[in-house]
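Asks: Before I ask anything, let me first share the structure, which is written out below as structure tokens.
The values are calculated or read from the model by the stated rules, or taken from the named source; none is laboratory data. Everything numeric in this text was worked out from a predicted model, so none of it was measured. Positions of Cβ are generated from backbone atoms using ideal geometry, with glycine treated the same way; all protein chains shown enter the neighbour counts.
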Amino acid sequence: MTDAAKAPRARPMSPHLQVWRWHITMATSIAHRATGVALYVGALIAAAWALALASGPDAYASFQGLLGSPLGLLVMFGLTVSFFFHLANGIRHLVWDTGHGLDIKSANASGVFVFAFTAVATVVTWVIALLMGAL
């Protein structure tokens, strides 16, 4: 007969996030996907803005009131962060597509640059908006 065991054999476990050591390129990859999803939400907000604009002054004023609320401003700030992160990391990927910056030191440095650019560009944008009276 066969020598097959009746119980299933122990199988190796797949690595999980608890096993992997977090590094900057891993964080940028995950954040890039998350900001892409956030930008889809931003596109829906832009479509709602256009519908409110087309619906007349009352609908537009209500929509502007919603965006001007603390929650609306928080969402808009998050969309600003998402936009600048996705932009910078997309450019980073374009550079990688040319075959440059793929070594570990360059990839880590460009990851730090992406996060730094995101922070600076977001703060500068919101300071300009505040100084121009848009908030």
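Asks: Do any helices (runs of 4 or more DSSP H) lying entirely in the stretch 22-128 carry at least 3 residues that are touching a Gly at 6+ places or on another chain (Cβ under 7 Å), and which ones are they?
Replies: In the stretch 22-128, the matching helices (runs of 4 or more DSSP H) lie at 24-55, 70-97.
Asks: List pairs: first residue in the stretch 112-133 and hydrophobic (A, V, I, L, M, F, W, C), second residue part of a loop (DSSP other than H, G, I, E, B) anywhere in the structure, Cβ distance under 7 angstrom, at least six positions apart or on different chains.
Replies: Close Cβ pairs satisfying both conditions: ALA129/LEU135.
Asks: Looking only at the stretch 76-101, count every residue that is of a type outside the set (A, V, I, L, M), within 16 Å of the chain's Cα centre (by Cα) and surrounded by fewer than 17 Cβ atoms within 10 Å (Cβ to Cβ) and tell me the total.
Replies: 4
Asks: For the stretch 43-54, check the following and say yes or no: at least one residue is surrounded by 11 or more Cβ atoms within 10 Å (Cβ to Cβ) and among the aromatic types (Phe, Trp, Tyr).
Replies: Yes, the stretch 43-54 has at least one match.
Asks: Oh, and also: With (1) surrounded by fewer than 17 Cβ atoms within 10 Å (Cβ to Cβ); (2) under 19 Å from ALA134 (Cα atoms); (3) of a type in the set (A, V, I, L, M) as the list, and ILE104 as the residue in question, which single condition is left unmet?
Replies: Exception for ILE104: condition (2).
Asks: Looking for whichever is under 29 Å from PHE115 (Cα atoms), at pLDDT below 90 and exposed (fewer than 10 other Cβ atoms within 10 Å of the Cβ) here; the options are PRO8, PRO15. Which one fits? Walk me through how you get there before you give the answer.
Replies: Details: PRO8 fails: under 29 Å from PHE115 (Cα atoms).
Of the residues listed, the single one that is under 29 Å from PHE115 (Cα atoms), at pLDDT below 90 and exposed (fewer than 10 other Cβ atoms within 10 Å of the Cβ) is PRO15.
Asks: Out of the stretch 32-62, which residues are under 24 Å from the mean Cα position of the chain (by Cα) and more than 30 Å from GLY111 (Cα to Cα)?
Replies: Matches in the stretch 32-62: ALA47, ALA48, TRP49, ALA50.
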